[in-house]
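*Asks:* Let me give you the structure first, and then I'll get to my questions.
None of the figures in this text is laboratory data; all of them are computed from the coordinates on show. What you are looking at is a predicted structure, and each value in this text was computed from that prediction instead of being measured. Don't worry about glycine lacking a Cβ; one is built from the backbone with ideal geometry, like all the others, and counts go over all protein chains shown.
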Amino acid sequence: MTEEFKIEKGRKPPPPLRATYPFGQMEVGDSFFTTNPRYKLSAAASHYGRRNGKKFTIRAEGTGVRVFRLA
């Protein structure tokens, strides 16, 4: 059995499912809480920090994690 597909023109793809974190708005000593997966958040914080000369640490807290800006 062959499946038939309807081709549609002019449809735009949905925006990427990327979380936007407030790294750029944080000052030393600030933190935020999220329930997003720690491994994705850790990579995002590390990447942002390397590109912008800032340091972050992530700690488990309850049902999620808290991100702290260190420097």
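Okay, residues lined up against (1) surrounded by 13 or more Cβ atoms within 10 Å (Cβ to Cβ); (2) under 17 Å from the mean Cα position of the chain (by Cα):
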position	(1), (2)
13	no, no
26	yes, yes
31	yes, yes
51	no, yes
58	yes, yes
62	no, no
66	yes, yes
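*Asks:* Output the number of residues of region 35-64 satisfying the condition of being in contact with a Lys or Arg (Cβ under 8 Å, 6 or more places away or on another chain) and assigned to a strand (DSSP E or B). I'd like the intermediate steps shown before the answer.
*Replies:* Residues of region 35-64 that are in contact with a Lys or Arg (Cβ under 8 Å, 6 or more places away or on another chain), as a first pass: 48-49, 54-56, 58-60.
Restricting the remaining residues to those that are assigned to a strand (DSSP E or B) gives 56, 58-60.
The total comes to 4.
*Asks:* Give all pairs with beta carbons closer than 6 Å in which a residue from region 33-50 that is under 14 Å from residue 66 (Cα atoms) meets a residue that is aromatic (Phe, Trp, Tyr) and in a strand (DSSP E or B); count only pairs at least 6 apart in sequence or on separate chains.
*Replies:* That search, which allows pairs on different chains as well, returns 45/56.
*Asks:* Can you confirm whether residue 2 is polar (S, T, N, Q), free of Cβ contacts under 8 Å to residues at least 60 places away in the same chain, out of contact with any Asp or Glu (no Cβ under 8 Å at 6 or more places or on another chain) and surrounded by fewer than 10 Cβ atoms within 10 Å (Cβ to Cβ)?
*Replies:* yes
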